[in-house]
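Asks: Handing you a structure now.
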Amino acid sequence: MSSSASGVVNGGVSFWYADDGLPAVREPLSGDASADVVVVGGGYTGLWTAYYLKKAAPFLRITVLEQKFCGYGASGRNGGWLYNGIAGRDRYARLHGRDAAVRLQRAMNDTVGEVIAVAAAEGVEADVHRGGVLEVATTPAQLARLREFHEHELSYGEKDRELFGARETAARIRVADAVGSSWTPHGARLHPVKLVKGLASVVEGLGVTIHESTPVTEIRPRHAVTPYGTVRAAYVLRCTEGFTASLKGQRRTWLPMNSSMIATEPLTEEQWAAIGWDGRETLGDMAHAYMYAQRTADGRIALGGRGVPYRFGSRTDNDGRTQAATVEALREILTRFFPSLVGARVEHAWSGVLGVPRDWCATVTLDRSTGLGWAGGYVGSGVATANLAARTLRDLVQQDSGQGGRTELTELPWVNHKVRRWEPEPFRWLGVHGMYATYRTADRRERLRPAVESSRLARFADRVAGRG
């Protein structure tokens, strides 16, 4: 962790850890071991999977292996958006039919309440506030996309979503130049680290073994290999999201996309009065290179965007340190949205990686012939999706082991979805950087030359990327 000349604390994993404190690291694996299920990765997906499996079958011997400490990756660095978005829904509609995709969306809607209910039942205090999700438009092209997006969400059965004009939007939050917004109740703000720390404690209390500082270097059928020994288990479940590329043979499976965030100083009552945001909705926009933000429990704004989107060779950072240009770009978004905050200090900046499959579709898989399973590729929507993935992995393991049968979750269209690998370097580096440079250019053009039609550049980038 370091401080820049402007006083911004840069890195140190994330602001959330600076706020709540780094955890005491659990003991690493001390030699070869065995289990019924070994979970690789101690983030939301891995911990929720261990939780639901242990609750369903208390006799199971479950071991979680984590390379640093639980929540070191995206689970401890995200924007705290617990919401109902899921990557790949439209593609699943094309592949499996509209009804299948509607069932997937309905499951995601329910997942928001599931996370809140389980956290409350288990005594995990994570600063949860269920204010929904508000996504705003600030240009004519964004407004056209917003209306299209709103109708699209309604077509998947989200009947409680609302569309607001400029005046109604300003009554909720005063974003400069906002001309409309779409709001869904299926969302909540939370403190990511308080959730992951609490979940790890709950899981350990149920009798799950957690080994930290234990990097898994290779996964093969019934084996998770580490420098300290090998854990053998009937089921090996890979829950590594953006860090998947570090595993042997997985370099091109999911691309580790970089996302960056800043957190302001606590704002004054006068500053909040100028902004509004009394509903504490999570906040997003309709830009091609979009932003995401929340009003934290202690009165800050935590705001994020893509920054430097990808590092050559699928490399990941260590401590979340963020380039000065990215910090300034995020500060510019903050003051463009809220001009009254031009003098507010940014106190913390950090970055992390999320997992992006080649077709931008989140997946859950269990190979019944090998006992290998995995879940992820959430493309930035993992806070809630990880919970649905974990419950689905639980059902798949129970089905395979004879402890259960087919369930509504095992029949969802993202189960056992297959996707091709990313291109080798330098093509994926060139492709990802070119894509986000194009999106940013498209956003600038839409701001400078207001028009209802979206920039053709963005549509071209979407096609090249294989999104949608």
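The values are calculated or read from the model by the stated rules, or taken from the named source; none is laboratory data. What you are looking at is a predicted structure, and each value in this text was computed from that prediction instead of being measured. Note that each Cβ is placed from the backbone with ideal geometry, even for glycine, and that neighbours are counted across all protein chains shown. For the accessible areas, the whole protein counts, side chains as well, though only heavy atoms, and no ligand, DNA or RNA atoms are used. Shrake-Rupley method; radii C 1.70, N 1.55, O 1.52, S 1.80 Å.
Asks: Given the DSSP H assignment, sum -39500 (n - 2.57) over each helix run of at least 4 residues in the chain and divide by its residue total; what's the result at 222 nm in deg cm²/dmol, nearest 500?
Replies: -11000 deg cm²/dmol
Asks: Residue by residue, what Karplus-based ³J(HN,Hα) values in Hz, rounded to whole numbers, does the range 11-19 have, using 6.51, -1.76 and 1.60 with θ = phi - 60° and x for Gly and Pro?
Replies: Result, rounded to whole Hz: x, x, 6, 6, 4, 4, 6, 4, 6.
Asks: Also, quick follow-up: Counting only C-alpha contacts under 8 Å and six or more residues apart, can you give the relative contact order of the chain as a whole percent?
Replies: 24 percent
Asks: Treating only the Cβ atoms of Lys and Arg (+1) and Asp and Glu (-1) as charged, compute the dipole magnitude of the range 72-215 about its Cα centre; round to the nearest 20 debye.
Replies: For this selection, approximately 320 debye.
Asks: For the chain, with only Lys/Arg (+1) and Asp/Glu (-1) charged at the beta-carbon, what is the dipole magnitude about the Cα centre, in debye rounded to 20?
Replies: 1460 debye
Asks: Taking H as built 1.01 Å from N, whose amide H comes closer than 5 Å to the amide H of residue 240, not counting residues under 5 places away?
Replies: Correct list: 375.
Asks: For the range 138-153, in order, what is each residue's ³J(HN,Hα) by Karplus, 6.51 cos²θ - 1.76 cosθ + 1.60 with θ = phi - 60°, in whole Hz (x at glycine and Pro)?
Replies: 10, 9, x, 5, 5, 5, 4, 5, 4, 5, 5, 4, 4, 5, 5, 5
Asks: Next question, about the same structure. How high is the relative contact order of the range 1-140, in percent, counting Cα pairs under 8 Å that sit 6 or more residues apart?
Replies: 17 percent
Asks: Hey, another quick one. Rounded to whole Hz and in sequence order, give me ³J(HN,Hα) for the range 222-233 from the Karplus expression 6.51 cos²θ - 1.76 cosθ + 1.60, θ = phi - 60°, writing x for Gly and Pro.
Replies: Values per residue, Gly and Pro as x: 6, 9, 10, 9, 10, x, 9, x, 10, 9, 9, 7 Hz.
Asks: Which cross-chain or sequence-distant (5 or more) residues have an amide H under 5 Å from the amide H of residue 70, H modelled 1.01 Å from N in plane?
Replies: Excluding prolines and chain starts, which carry no amide H, there are no hits.
Asks: For residue 234, what is the net charge nearby, where nearby means another residue's Cβ is under 13 Å from its Cβ and Lys, Arg count +1, Asp, Glu -1?
Replies: +1
Asks: On the protein heavy atoms, probe 1.4 angstrom, tell me the percent of accessible surface of the range 76-181 carried by carbon and sulfur.
Replies: 49 percent
Asks: Next question, about the same structure. Any of 159/197; 197/248; 54/418; 248/418 with alpha carbons more than 31 Å apart? Name them for me.
Replies: Beyond 31 Å between Cα atoms: 159/197.
Asks: Among DSSP beta bridges lying fully in the chain, give the percent that are antiparallel, nearest 5.
Replies: Within the chain, antiparallel bridges account for around 65 percent of the total.
Asks: Further question: List the residues, sorted by chain then number, that are 5 or more residues from residue 34 or on another chain and whose placed amide H is less than 5 Å from its amide H.
Replies: Long-range HN contacts for residue 34: 232.
Asks: To the nearest 10 degrees, how steep is helix 324-337 against the longest Cα principal axis of the chain, on a 0 to 90 scale?
Replies: 50 degrees
Asks: Between the range 49-82 and the range 164-230, how far is it from one alpha carbon centroid to the other, in angstrom?
Replies: Here the two parts' Cα centres lie 10 Å apart.
Asks: With volume of the Cα convex hull per residue in Å³ defined as stated, name the option among (i) 214; (ii) 158; (iii) 133 computed from the structure displayed.
Replies: Checking each listed value against the structure points to (iii).
Asks: Tell me the angle of helix 192-205 to the major Cα principal axis of the chain, expressed in degrees between 0 and 90 and rounded to the nearest ten.
Replies: The answer is roughly 20 degrees.
Asks: Sticking with this one: Expressed in nm², what is the orientationally averaged projection area of the convex hull enclosing the Cα positions of the range 79-149?
Replies: In nm², the orientation-averaged hull projection of the range 79-149 is 6.4.
Asks: Roughly what angle does helix 456-465 make with the longest principal axis of the chain, taking Cα atoms, 0 to 90 degrees, to the nearest 10?
Replies: 10 degrees
Asks: Pairs of Cα atoms under 8 Å, at least six residues apart: use those to get the relative contact order of the range 248-378, whole percent.
Replies: Over the range 248-378, the number comes to 35 percent.
Asks: Given a 1.4 Å probe, how much area per residue of the range 1-155 is accessible, in Å²?
Replies: 38 Å²
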